[in-house]
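Q: Here you go, one structure.
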Amino acid sequence: VDTLFTPDWLLWDGQLRSGLALAVSAEGTVVGVVKGAYAGRRLPGRILLPGLVNGHSHAFQRAIRGATQFVSAEAGQDDFWSWRELMYQAAGALGPDELYAVSRQAFLEMALAGVTCVGEFHYLHHAPDGRPYANPNELALQVIRAARDVGLRIALLRVGYARAGHGTPPNPRQRRFIDPEVETFLRAVESLEQELRGDAAVSVGLAPHSVRAVPLPWLEAIREVRSRPLHMHVAEQPAEVTACLEEHGARPVQLLDRVGLLSERFTAVHGIHLDPDELSLLGRAGATVCACPSTERDLGDGTVRADALLEAGVGVSLGSDSQAQIDLLDEARQLEGHLRLIALRRAVLDPGGGDPSGLARRLLGLATQAGGRSLQLPVGTLSPGAPADFFTVDLRHASILGAPEDRLLAAVVFGAEKAAIREVAVQGRLIVEEGQHLLQQVSATAFAAVMRELF
Ligand SMILES: [Zn+2]
């Protein structure tokens, strides 16, 4: 044992416990817990929880926060598709240095929000004219460097993108995303993995963008890679379902099942416009749906039916996606909140049993363990052998002050503001202390400079 972290409360074995210290090895893995309220690194007035896992992120989209909240004169109305054109503008303007600066700022905001691990769905690959950089993985490596400089664990979900859509003419704004062949995409994944050997906090997954952007032969080739997490945007907008029915005579999840892509390694990002057959296909496969409620609300996508998904045996994880906001606990709140607005009742996802913190524990599980499972990483839970990735919340912060013991977890999940988050550790190393990160000033200055250039 190298370090003992001693908070007032610690989530261990699914229960909040007091008088325990978390024992962490020199390599940054959890050894266990020991009794001893005064030992080691004291964290008085804190509750210590497993680090939050942000299952779906496009870091560069932090650059367009607040920039798209109006109806443009030409568009006449604003929806997902008009938002997408503005997002493409930002995507087209960022070179390697700018991408690094914007991504670092997004990851920094995540760290300050208690996130210790991010699944980065990365689709910016080439120079603005569509040609590969000297190192074809240049931009992926910039994003990974940004996450590692902040101290986050990152699963780089390398996107495969082939086309604008079935029977749709090429969109020049997608030039930076597109690989000519599925082999180019799969080779890029392998070479990225090679370049990253040695950093245990970085992993690589496959991310065919969507059934719109990837044709059937690509899906069949991707099926043959059986060892990596597989993430895909699925049924975010009704138009995607209609187009899939037209091209394949099947809904998106039915198509993916037919191709043989559904498994425990598969995560459908969004999974909003699903029919009951698709729910049970995902459930039988043991797949995950990654909900991104603040983005889905912002873009007018619809509501993830987490109640029906969990009922069908589908895992549900959470992501900040477009970075409209970065607050994973609030994503959990919104997931439950959106269901209440539909169902006209409260505590929709409560597993039952009358535990005042039962619903909060379940929601926290979606923001931690479910994300780890989706990224195929042993994170999201504090147990012997797992990486010591955690965050603490200040029990004296105004947003949760005064919560009784049996409702403490509910107070945190439903009430804690980001400012209540004080320490954040990845692999046993504190990257945030007293609510501060060492790179805060440097990152803010660089990010502001990029934003002045962009707008
Ligand atoms: Zn996305």
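Q: Simple spin-label model, 7 Å along Cα-to-Cβ: Asp350 to Arg258 in nm?
A: 4.3 nm
Q: Once the range 375-455 is represented by equal point scatterers at the alpha-carbon sites, with solvent omitted, what log10 I(q)/I(0) does the Debye formula produce at q = 0.13, 0.27 Å⁻¹?
A: Rounded to two decimals, the profile gives -0.61, -1.14.
Q: Then there is this: Mind checking Rg over Rh on the range 97-206, alpha carbons, Kirkwood formula for Rh? Before the final figure, lay out the partial values.
A: Values: Rg = 14.4 Å, Rh = 14.6 Å.
Rg/Rh for the range 97-206 comes to 0.99.
Q: Here is a further query. Would you please state which residues of the range 42-77 a label at Ala93 would reach in this model, taking the label point 7 Å out along Cα→Cβ and a backbone N cut-off of under 15 Å?
A: Zone members listed by number: 60-69.
Q: Grab the beta carbon distance between Glu181 and Asp129, set R0 = 22 Å, and tell me the FRET efficiency rounded to 0.05. Numbers along the way, then the final one.
A: Values: r = 19 Å, r/R0 = 0.87.
Calculated value: 0.70.
Q: Then there's this: So how compact is the range 162-207: Cα radius of gyration and Dmax in angstrom?
A: 14.0, 43
Q: Roughly how compact is the chain, stated as its Cα Rg over 2.2 N^0.38 Å to two decimals? List each step's numbers first, then the result.
A: Values: Rg = 21.3 Å, N = 455, 2.2 N^0.38 = 22.5 Å.
In units of the 2.2 N^0.38 Å rule of thumb, it is 0.95.
Q: Express the Stokes-Einstein translational diffusion coefficient of the range 1-87 in µm² s⁻¹, to the nearest whole number, given a Kirkwood radius over alpha-carbon pairs, 10 °C and a viscosity of 1.306 mPa s.
A: Numbers: Rh = 16.7 Å.
Stokes-Einstein gives a translational diffusion coefficient of 95 µm²/s.
Q: Next up: Where the centre of each part is set by its Cα atoms, how far does the range 422-455 sit from the range 102-141, in angstrom?
A: Centre-to-centre (Cα) distance: 15 Å.
Q: Let me ask something else about it. How much net charge surrounds His233 when only other residues with a Cβ under 15 Å from its Cβ are counted (Lys, Arg +1; Asp, Glu -1)? Don't skip to the end; give the middle numbers.
A: Working: positive: Arg84, Arg158, Arg163, Arg212, Arg251; negative: Glu120, Glu236, Glu240, Glu278, Glu296, Asp301, Asp321.
Taking every other residue near His233 into account, the sum is -2.
Q: How many angstrom separate the Cα center of the range 35-75 from the Cα center of the range 252-293?
A: Taking the Cα centre of the range 252-293 as reference, the centre of the range 35-75 is 26 Å away.
Q: Here's another thing I want to ask about it. Within the P(r) computed for the range 149-240, what percentage of the Cα pairs occupies the region above 19 Å? Mind dumping the intermediate values first?
A: Values: 1836 of 4186 pairs.
Counting every Cα pair in the range 149-240, those more than 19 Å apart make up 44 percent.
Q: Let me ask you something else. Project the alpha carbons of the range 252-331 onto their principal axes and report the range along each, largest first, in whole Å.
A: 35, 21, 20
Q: If I fit a long axis through the Cα atoms of helix 328-343 and take the longest principal axis of the Cα atoms of the chain, what angle between them do I get, 0 to 90°, rounded to 10?
A: Orientation of helix 328-343: about 70 degrees from the principal axis.
Q: Using label points projected 7 Å from each Cα along Cα→Cβ, tell me how many nm separate Ser227 and Ser82, to one decimal.
A: So the label points at Ser227 and Ser82 sit 4.8 nm apart.
Q: Which one, Ala285, Phe391, Ser227, projects farthest toward the positive side of the charge dipole computed for the chain from Cβ point charges (K/R +1, D/E -1)?
A: Phe391
Q: Now for a separate question. Could you work out the Kirkwood radius for the range 212-266, taking every pair of different alpha carbons, averaging 1/r and inverting it, reported in Å? Don't skip to the end; give the middle numbers.
A: Details: mean 1/r = 0.0859 Å⁻¹.
Over the range 212-266, the inverse of the mean reciprocal pair distance is 11.6 Å.
Q: Also: Need one number for the range 228-293: average projected area of the convex hull over its C-alpha atoms, nm².
A: Numbers: hull surface 16.6 nm².
About 4.2 nm², averaged over all directions.
Q: Between the helical axis of 358-367 and the dominant principal axis of the chain, each derived from Cα atoms, what acute angle in degrees is found, rounded to the nearest 10?
A: Orientation of helix 358-367: about 50 degrees from the principal axis.
Q: Also, quick follow-up: Taking the Cα centre of each part, how many Å lie between the range 200-216 and the range 360-387?
A: Cα centres, the range 200-216 to the range 360-387: 21 Å.
Q: Separate question: Taking the Cα centre of the range 203-245 as origin and charging only Cβ (+1 Lys, Arg; -1 Asp, Glu), how large is the dipole, in debye to the nearest 20? Present the calculation step by step, with values, prior to reporting the outcome.
A: Working: 4 positive and 4 negative charges, 30 e Å.
Approximately 140 debye in magnitude.
Q: For the pair Phe455/Val34, report the inter-label distance in nm, with labels modelled 7 Å from Cα in the Cβ direction.
A: Taking the two extended label points, one gets 5.1 nm.
Q: Hey, another quick one. Place a +1 charge on the Cβ of each Lys and Arg in the range 1-78 and a -1 charge on the Cβ of each Asp and Glu, then give the dipole magnitude about the Cα centre in debye, rounded to the nearest 20.
A: Working: 7 positive and 6 negative charges, 73 e Å.
About 360 debye.
Q: In the range 291-415, what is the volume of the convex hull around the alpha carbon atoms, normalised per residue and reported in Å³?
A: Numbers: hull volume 17.0 nm³, N = 125.
Once divided by residue count, the hull of the range 291-415 is 136 Å³.
Q: Something else: Put +1 on the Cβ of every Lys and Arg and -1 on every Asp and Glu Cβ in the chain; which of Gln61, Ala250, Gly353 then has its Cα farthest towards the positive end of the dipole?
A: Gly353
Q: What span do the alpha-carbon atoms of the range 42-94 cover on each of the three principal axes, reported in whole Å from largest to smallest?
A: Principal-axis extents of the Cα atoms in the range 42-94, largest first: 58, 22, 16 Å.
Q: Reported to two decimal places, what Rg/Rh ratio describes the range 181-280 when computed on Cα atoms with Rh from the Kirkwood expression? Intermediate values should be presented prior to the final figure.
A: Details: Rg = 14.4 Å, Rh = 14.3 Å.
Taking Rg over the Kirkwood Rh, I get 1.00.
Q: Set the Förster radius R0 to 25 Å, insert the Cβ-Cβ distance between Glu433 and Arg17 as r into 1/(1 + (r/R0)^6), and round the FRET efficiency to 0.05. List each step's numbers first, then the result.
A: On the way: r = 23 Å, r/R0 = 0.93.
According to the calculation, E is roughly 0.60.
Q: Taking 22 Å as R0, compute the FRET efficiency from the Cβ-Cβ separation of Leu245 and Thr168 and round it to 0.05.
A: Working: r = 15 Å, r/R0 = 0.70.
Rounded to the nearest 0.05, the efficiency is 0.90.
Q: Calculate for the chain the 222 nm mean residue ellipticity that helices alone would give, adding -39,500 (n - 2.57) per DSSP H run of length 4 or more and normalising by residue count, nearest 500 deg cm²/dmol.
A: Working: 15 runs with 163 residues, N = 455.
Calculated at 222 nm, the ellipticity per residue is -11000 deg cm²/dmol.
Q: Take every DSSP beta bridge whose two residues both sit in the chain, then give the antiparallel share in percent to the nearest 5.
A: On the way: 25 of 61 bridges.
Antiparallel bridges: around 40 percent, rounded to the nearest 5.
Q: Still on this model: So how strong a dipole does the chain carry about its Cα centre when Lys and Arg Cβ are +1 and Asp and Glu Cβ are -1, to the nearest 20 debye? It would help to have the intermediate numbers written out before the result.
A: Working: 43 positive and 54 negative charges, 149 e Å.
In debye, rounded to 20, the chain gives about 720.
Each value in this text was obtained by applying a stated rule to the coordinates, not by laboratory testing. Model, not experiment: these values are computed from the prediction. Using ideal geometry, Cβ is built from the backbone for each residue, glycine included, and neighbour counts are taken over all protein chains shown.
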